[in-house]
Every structure is written in structure tokens, then in C-alpha cells.
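Below: the structure, in C-alpha cells.
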Amino acid sequence: TELARIHTLNGEYERATKCLADHDQALCESELLFHASECEGRTITRARLFVHTGDTAGARKLLIPAEREASALGRRRRLLKVKLICALASQEDGESSHARRSLIDALELGEAGGFVRSILDEGPRIMRLLKDARAELPRLPNQVRADAILCYIDRLIEAHGHTPRVDLPSGDAMLTLDLADGLTEKEIIVLNLIAEGLTNLALSARLCISVNTVKWHLRNIYDKLGVNTRMQAVAVARHLCLLD
């Protein structure tokens with residue numbers, strides 16, 4: 001299903017279709033039991049392919065029951081993905097207001113859960129919708145959490161690379177893997193999580209530590225890497241091949 005997603009985003013629809021067909025055949029022939037998320041992922045993958053190939057009616061037939069089920073089961077990440085594909089389907093059909101509503105619903109779920117990659121994985125089409133929503137949101141009425149959603153959109157756009165390049169600290173050519181020797185295992189875990197876009201609060205929940213402890217880890221990381229911001233820390237971590 002991941003290969004099918006990549007082929008879909010690259011416009012290689014025949015290859016994506018073949019991946020899904022192979023996947024279906026493997027499921028039919030296997031005697032193993034599969035987790036429910038496997039079937040859910042296949043539904044999302046097929047709906048995405050339908051949208052990208054212009055079959056929005058076929059996509060909606062899959063998305064409507066998927067949205068209902070994800071909502072009933074409290075599967076937030078799955079519901080977020082369904083809402084994103086719904087937004088793309090509505091945009092494809094020229095229903096801009098419905099697309100914006102579905103996108104905002106997805107963003108509210110994403111902001112609350114600290115999700116980044118789940119949204120960015122939808123590729124350039126979702127980024128265009130995000131930028132449109134960024135321009136429209138301040139003008140929409142009754143958006144109680146507009147400020148939080150706007151900040152979240154900015155973080156997503158930033159994570160996608162649509163901001164000025166973040167320079168490494170001066171003398172980065174001298175950086176070697178020796179620099180990583182001073183980092184603890186927990187600090188490297190924190191580095192990987194901030195690379196995913198997690199907030200301090202989300203880091204606290206993920207690692208079962210206090211927010212103050214998160215800040216303490218970040219200060220130590222900044223000191224050891226000679227940086228001042230999260231983005232610089234991630235840039236150096238990539239330079240040193242510290243990220244998974």
C-alpha cells in the first residue's frame with residue numbers, strides 16, 4: 001500500500017493499480033489474520049488513487065463508510081486521512097467550500113494529535129489546499145480555534161520545506177560524527193521526535209516525562225550541537241546521520 005501511495009503521488013497510476021492488485025491477491029491467498037488497519041489502509045490507498053485519476057464518485061463510495069467507521073471507533077489518525085482525501089475529492093469536483101471544510105476538520109484532528117507526517121504524505125495537492133486555507137481562514141466567521149489552526153498550518157508548510165533554508169551553525173564543514181558522542185540515547189530519541197514535528201507537550205506525552213524535562217533535554221541538545229533552534233538541531237542531526 002505504501003508503494004501504491006508513492007506511485008499515485010508520482011502519477012504512475014498503472015503501477016499503483018498493480019500494487020493494489022498484488023496486495024489484494026496476497027490477502028486472498030494468505031492464511032494469516034490481518035489487523036483491521038491493514039484493510040483500512042487499503043481503503044484509503046484505493047480512494048486516493050481514485051481521486052488522483054478523477055474517479056471522485058468511486059472515492060466517495062469508499063470514504064463515506066470509512067469516515068463513519070473511523071469516527072465511531074475513535075480512530076483519529078484514520079479519520080484525519082479520510083478527511084484529507086475527502087478534501088481532495090471535493091476540490092477535484094470544484095466544491096471549494098466543502099474541500100475547505102473537510103480540510104479544516106482534518107487540521108483540527110491533526111493539531112490536537114500533533115500529526116505532521118500523516119498530512120505531508122498526501123503530497124503537493126494537499127500543500128496547495130493548505131496554502132489556500134492559510135489565506136482564507138482569517139476571513140472565515142466562527143472559527144474559534146483559527147489562531148491554533150493557522151499556527152499548525154504554518155508548521156506543516158515549514159516542515160514541507162516552503163520556508164527559507166535553515167543554515168547549519170558556522171563551521172559546519174568541521175562537523176564530524178564525534179559531535180554525536182556527547183548525545184545520550186534519550187537525546188537522540190528526542191531529536192528524532194522533533195524532526196517529526198512534535199511539540200513539547202506531544203513529546204512529554206510520547207516519552208512519559210514532564211514538559212520541563214523535555215525543555216531540559218532540548219537545552220542540552222542545543223548546547224552539545226551548538227545550535228539555537230529546533231530547525232538547526234534537526235539540520236545538524238541530518239548532517240550527522242542521527243535521524244532514523
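Below is a table of values for the structure above.
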{"read-out": "Candidates A4, A21, A26, A47, filtered to the one that is at pLDDT 95 or above and part of a helix (DSSP H, G or I)", "value": "A47"}
{"read-out": "Close pairs from region 213-236: first closer than 12 Å to L183 by Cβ, partner in a loop (DSSP other than H, G, I, E, B) and hydroxyl-bearing (S, T, Y), Cβ under 9 Å, at least 6 apart", "value": "H217/T184; N220/T184; Y222/T229"}
{"read-out": "Residue list for region 107-138, filter: closer than 22 Å to V51 by Cβ, part of a helix (DSSP H, G or I) and either touching a strand residue (DSSP E or B) at 6+ places or on another chain (Cβ under 8 Å) or open to solvent by less than 50 Å² (accessible area, probe 1.4 Å) (or both)", "value": "L107, L109, G110, S118, I119, L120, I126, M127, L129, L130, A133"}
{"read-out": "Number of positions in region 199-210 that are over 23 Å from the mean Cα position of the chain (by Cα) and either exposed (fewer than 14 other Cβ atoms within 10 Å of the Cβ) or polar (S, T, N, Q) (or both)", "value": "1"}
{"read-out": "Flag for L103 being open to solvent by less than 10 Å² (accessible area, probe 1.4 Å) and either out of contact with any Lys or Arg (no Cβ under 9 Å at 6 or more places or on another chain) or among the small types (G, A, S) (or both)", "value": "no"}
{"read-out": "Considering residues of region 40-58 that are among the polar types (S, T, N, Q) and closer than 19 Å to P124 by Cα only, the residue most open to solvent (accessible area, probe 1.4 Å)", "value": "T53"}
{"read-out": "Within region 164-237, helices (runs of 4 or more DSSP H) holding 3 or more residues that are at pLDDT below 80 and closer than 24 Å to E111 by Cα", "value": "none"}
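The values are calculated or read from the model by the stated rules, or taken from the named source; none is laboratory data. All figures in this text were calculated on a predicted structure; none of them were measured in a lab. Note that each Cβ is placed from the backbone with ideal geometry, even for glycine, and that neighbours are counted across all protein chains shown. Ligands, DNA and RNA are excluded from the accessible area calculation, which covers all protein heavy atoms including side chains. Shrake-Rupley method; radii C 1.70, N 1.55, O 1.52, S 1.80 Å.
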